[in-house]
Structures are given as structure tokens and as C-alpha cells.
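Working notes for the structure below.
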Amino acid sequence: MRRAQVAKQTGAATSAQGRPPGALGLLRVRPLPGDPTRGTLIAGGVVIPCALGRSGITTQKREGDGASPRGIFRLRGGFYRPDRFPVRPVSALPLRATRRDDGWCDAPQDRRYNRPIRLPSTAASAEQLWRDDGLYDLVIDLDYNRGPIRPGRGSAIFLHIARSGYRPTEGCVALKPADLLRLLRRLGPGTRMKIGR
């Protein structure tokens, strides 16, 4: 079935690149000169400050190294905390409400490595997605090390909310809440994020 027929039947319009009208095709994340832990996210003609990994950007990502991975990644969808965002944020990306028992396996030896899991877990190590610090109140899962998943090459690489002062992340890209909410409106399944020049 042709794309136009599918769009007509589902009520969803898409561009030739598979994006909803108005959705961005490519986000560019670049480090600031002299400070590899901070950068800018370029979305169309808009430049947004962002935080990067405490070890900057790398092509040799390893679990726990604190670096953001260099490359081009699709946006798989995400999570939002319903007590902080009672109304689902507007986006063409799939988003679901975070549950208190949502986690993310970061134990390289576990078969569920770099996948969402339910807590408590038998995994040796897992990140909790329902956090008190607010960083994961709104999270977009970047398609890093997801297919195939390589043990030890890094897990839980997200676009999420930044700490005050854009303090470094553990390897993610982070924005102020208002900037992330505005950006979400222009993201879709066809959007890609390029980290690094």
C-alpha cells in the first residue's frame, strides 16, 4: 500500500522522509570549544544549550566511562513522569507514563543489558527511571547500542532533563525542561540526532 493511502486511512500525514509535517529531520549536537561537557543542540534554525557527558564525546563508548557516544541515532520514544506532567507531552514520538518500578539494566553480563526492566530486579545493576532528582521526568531513548546490543559498550543513553548549570551527564544529552518540551513538539519517528561534529 502506498504511503499516501496509509496516511489517509490512519489520519496521519508523513513527508517523503517518513516524518510528520513540521517534524525535524536531523538534530545536531556539538560540544562547545574549550568545554567538552557542554554543547549546543541545533534544531532547524534554533540553537539550544545542552549538557554532555562528563568525559565529553567518544567513538569508543564503554559502560561507566561518562562519555556521550559519537554518531547518528534515531529516537525510539520515551517516558514522562505523570505526577510531574499530568498531561502527556505533545510529540509524534511514542511516549508512555513512567511507572515507579521502571528500570534500565546497566549490567553488561546480564542478558537484559541496555533494555528496560521492572524493579526490583535480579540484574546485578539497574538504573531507576522514577528518580527524585527530576533528571528522568522526561526521557527520550536514543537508539545507541540497541541492535545488536554489545555488552559493555554503554547503556541508558538518553535525551533527558539537565541538572542546574548544565552540569555534566553520565553520557547522555540533557536540556532544560522548557527547551525539551518545546523540542518534543517537533520530533517524530523520522528524526535523527547526530552527536559530534
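A few remarks follow.
- Of all residues in the range 105-115, those being touching a strand residue (DSSP E or B) at 6+ places or on another chain (Cβ under 8 Å) and either under 21 Å from Phe85 (Cα atoms) or without any contact (Cβ under 8 Å) to a residue 12 or more places away in the chain (or both) number 1.
Every residue, every condition in (1) of a type outside the set (D, E, K, R); (2) under 18 Å from Val90 (Cβ atoms); (3) in contact (Cβ under 8 Å) with a residue 12 or more places away in the chain, yes or no:
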| position | (1), (2), (3) |
| --- | --- |
| Arg131 | no, no, no |
| Tyr144 | yes, no, yes |
| Pro151 | yes, no, yes |
| Ile157 | yes, no, yes |
| Pro168 | yes, no, yes |
| Gly171 | yes, no, yes |
| Asp179 | no, yes, yes |
| Arg186 | no, yes, yes |
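- Counting the residues of the range 117-133 that are under 18 Å from Glu63 (Cα atoms), out of contact with any strand residue (DSSP E or B) (no Cβ under 8 Å at 6 or more places or on another chain) and at pLDDT 95 or above gives 0.
- Residues (more than 9 Å from the chain's Cα centre (by Cα) and not basic (Lys, Arg)) located in the range 74-89: Phe79, Tyr80, Pro82, Asp83, Phe85, Pro86, Val87, Pro89
- If you filter the range 134-152 down to residues that are of a type in the set (Asp, Glu) and assigned to a loop (DSSP other than H, G, I, E, B), you find that the one that is modelled with the lowest pLDDT is Asp143.
- All conditions but one from (1) over 13 Å from the mean Cα position of the chain (by Cα); (2) more than 18 Å from Ile195 (Cβ to Cβ) apply to Pro168; the one that does not is (2).
- Contact map, the range 81-102: residues that are polar (S, T, N, Q) paired with residues that are surrounded by 13 or more Cβ atoms within 10 Å (Cβ to Cβ) and outside any loop (DSSP other than H, G, I, E, B), Cβ distance under 7 Å, separation 6+ or inter-chain. Pairs shown: Ser91/Leu184; Thr98/Phe79; Thr98/Tyr80.
- Residue ID - farthest from Gly165 (Cα to Cα), chosen from residues in the range 40-73 that are in contact (Cβ under 8 Å) with a residue 24 or more places away in the chain and touching a Cys at 6+ places or on another chain (Cβ under 9 Å): Ser68
- Within the range 25-34, if we keep just the residues that are surrounded by 17 or more Cβ atoms within 10 Å (Cβ to Cβ) and over 15 Å from the mean Cα position of the chain (by Cα), the residue that is nearest to Gly165 (Cα to Cα) turns out to be Pro31.
- Scanning the range 153-182 for residues that are surrounded by fewer than 16 Cβ atoms within 10 Å (Cβ to Cβ) and either in contact with a Lys or Arg (Cβ under 8 Å, 6 or more places away or on another chain) or not in a helix (DSSP H, G or I) (or both) yields Arg163, Arg167.
Residue by residue, here is whether (1) crowded, with 18+ Cβ neighbours inside 10 Å; (2) of a type in the set (D, E, K, R); (3) farther than 28 Å from Arg150 by Cα; (4) at pLDDT 95 or above holds:
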{"residue": "Pro21", "(1), (2), (3), (4)": "no, no, yes, no"}
{"residue": "Pro36", "(1), (2), (3), (4)": "yes, no, no, yes"}
{"residue": "Ile42", "(1), (2), (3), (4)": "no, no, yes, yes"}
{"residue": "Gly66", "(1), (2), (3), (4)": "no, no, no, yes"}
{"residue": "Arg115", "(1), (2), (3), (4)": "no, yes, no, yes"}
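- Being at pLDDT below 95, surrounded by 13 or more Cβ atoms within 10 Å (Cβ to Cβ) and not hydroxyl-bearing (Ser, Thr, Tyr) is true of Asp110.
The values are calculated or read from the model by the stated rules, or taken from the named source; none is laboratory data. Keep in mind that this is a model prediction, so the values were computed, not measured. Cβ: placed from backbone, ideal geometry, glycine included. Neighbour counts: every protein chain shown.
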